[in-house]
Amino acid sequence: MRQRRVTITGTGGQLGSALQRRFGADWVIDRIARPETDICDWPAVRTRIAHFLPDLVIHAAAATDVDLCETQPDTAFRINALGTRNVAHAAASVGAELVYVSTNYVFDGEKPAPYHEFDVVRPISVYGASKLAGEQEARGALARCHIVRTAWLYAPSGRNFALTMARLMTERDRLTVVADQFGNPTSADDLAGAIAEIVTNAPYGVHHAVNAGSASWYEWAVAIAQLLERQVVIEPIPASAWGRPARPPANGVLTSLSLPTAGIELPDWRDALVRTLRS
Ligand SMILES: NC(=O)c1ccc[n+]([C@@H]2O[C@H](COP(=O)([O-])OP(=O)(O)OC[C@H]3O[C@@H](n4cnc5c(N)ncnc54)[C@H](OP(=O)(O)O)[C@@H]3O)[C@@H](O)[C@H]2O)c1
């Protein structure tokens, strides 16, 4: 039997790396990453996917620095919207299905409860708007499409809050961390596993895939300090005290109506933290 084929974009990133670990055993993988292939280069993307003929394309590449997106909106939309248009149309042209990885930043954060898949989107940052434009491009290009929204991703390597905190806790006696923004710390490995299950078991559509439970940045930092047994004073501060270009949603917590109906469940974020930081 022909082995299934998957094109993964952003393979140098946190999720792209985890997807390669998860899909490597059963699938033949083609990796799309800079500098070899830029997703903004339509002829390059189309040719690459036409030659490989994947059954599935998982689009994890993105401009993910939310503050940089805020100050460079053209770059954000070029990569997150136009790049997604390219990847999605290339997938459609060979009859592949698509997974587009999106974000909790599509919401405004004003809902007093976790956001499910059918809540109204209203991004309040350039990053969120450009990722939402990517969702629209993906859905417009092909019907066989999963939009997988996630939040607060981290992995044993890469640029992420957990590793930054772990490092700062060795360098400083005292840290200030935002306590009035909330999300779901989510392990890239657990998300990659969920994506594999979604592809197999879920109907096409929007899915919220995050580790179970939620936290503020402050609560996440305290959990990291406890796990690593760091004697550091962590002071909670309001987001307003930490000036940054982009405005994250105050409530960025996601929940899922769709995944439980497909029998898909992600572990609690505290279990994932132990596995990730001790790996
Ligand atoms: N990180 C989070 O907290 C978070 C939360 C919610 C959703 N997401 C979404 O989850 C997905 C994966 O995030 P991540 O944390 O794994 O991101 P990441 O570690 O920043 O990786 C993103 C990858 O995309 C690549 N890329 C960027 N622009 C590209 C281009 N024009 N052509 C080809 N590759 C390009 C980057 O390559 P370079 O190294 O060359 O820049 C990088 O390897 C993204 O879609 C992101 O929007 C992330």
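The values are calculated or read from the model by the stated rules, or taken from the named source; none is laboratory data. Small disclaimer: the values here were computed from a predicted structure and weren't measured. Positions of Cβ are backbone-derived with ideal geometry, glycine not excepted, and every protein chain shown enters the neighbour counts.
The residue that is nearest to residue 188 (Cα to Cα), among those in the stretch 17-32 that are crowded, with 23+ Cβ neighbours inside 10 Å and under 15 Å from the mean Cα position of the chain (by Cα), is 18.
Checking each residue in the stretch 161-178 for being more than 9 Å from the ligand (Cβ to nearest atom) and either part of a strand (DSSP E or B) or touching a helix residue (DSSP H, G or I) at 6+ places or on another chain (Cβ under 8 Å) (or both) picks out 162, 165, 166, 169, 174, 175, 176, 177, 178.
A single entry from 193, 158 fulfils the requirement of being within 15 Å of the ligand (Cβ to nearest atom) and part of a loop (DSSP other than H, G, I, E, B): 158.
Going through (1) basic (Lys, Arg); (2) touching a Gly at 6+ places or on another chain (Cβ under 8 Å); (3) assigned to a loop (DSSP other than H, G, I, E, B) one by one, residue 22 falls short only on (3). Within 15 Å of the chain's Cα centre (by Cα), charged (D, E, K, R) and closer than 22 Å to residue 192 by Cβ: does that describe residue 97? When the stated conditions are applied, residue 97 does not pass them. Candidates in the stretch 99-140 are the residues that are in contact with a Lys or Arg (Cβ under 7 Å, 6 or more places away or on another chain) and within 24 Å of residue 57 (Cα to Cα); of these, the one that is surrounded by the fewest Cβ atoms within 10 Å (Cβ to Cβ) is 137.
Scanning the stretch 142-199 for residues that are within 19 Å of residue 270 (Cα to Cα), touching a strand residue (DSSP E or B) at 6+ places or on another chain (Cβ under 9 Å) and hydroxyl-bearing (Ser, Thr, Tyr) returns 150, 154, 186, 187. Scanning the stretch 214-242 for residues being in a helix (DSSP H, G or I) and closer than 23 Å to residue 274 by Cβ gives a total of 12. Is one or more of the residues making up the stretch 2-12 polar (S, T, N, Q) and out of contact with any strand residue (DSSP E or B) (no Cβ under 6 Å at 6 or more places or on another chain)? The answer is no, given that none of the residues of the stretch 2-12 is polar (S, T, N, Q) and out of contact with any strand residue (DSSP E or B) (no Cβ under 6 Å at 6 or more places or on another chain). Among the residues of the stretch 254-269, the ones that are buried (at least 17 other Cβ atoms within 10 Å of the Cβ) and either under 27 Å from residue 227 (Cα atoms) or without any contact (Cβ under 8 Å) to a residue 40 or more places away in the chain (or both) come to 4 in all. Against the conditions (1) assigned to a helix (DSSP H, G or I); (2) at pLDDT 95 or above; (3) not acidic (Asp, Glu), residue 256 satisfies every one except (1). The set of residues from the stretch 59-68 being near the ligand (Cβ under 10 Å from one of its atoms) and not small (Gly, Ala, Ser) comprises 59, 64, 65, 66.
For the stretch 1-32, taking the residues that are free of Cβ contacts under 8 Å to residues at least 12 places away in the same chain and within 17 Å of residue 195 (Cα to Cα), the one that is farthest from the ligand (Cβ to nearest atom) is identified as 25.
Restricting the stretch 196-213 to residues that are among the polar types (S, T, N, Q) and part of a helix (DSSP H, G or I) leaves a set whose member that is farthest from residue 54 (Cα to Cα) is 201.
Among the residues of the stretch 9-60, those identified as polar (S, T, N, Q) and farther than 17 Å from residue 79 by Cβ are 17, 20, 47. When the residues of the stretch 118-155 are narrowed to those that are closer than 20 Å to residue 262 by Cβ and out of contact with any His (no Cβ under 9 Å at 6 or more places or on another chain), which ends up farthest from the ligand (Cβ to nearest atom)? Taking the candidates together, the pick is 143. Under the condition of being within 13 Å of the ligand (Cβ to nearest atom) and either part of a helix (DSSP H, G or I) or buried (at least 20 other Cβ atoms within 10 Å of the Cβ) (or both), the residues counted in the stretch 33-48 number 5. Do we have any residue at all in the stretch 109-119 that's hydroxyl-bearing (Ser, Thr, Tyr), under 15 Å from residue 248 (Cα atoms) and not in a loop (DSSP other than H, G, I, E, B)? The answer is yes; a qualifying residue exists.
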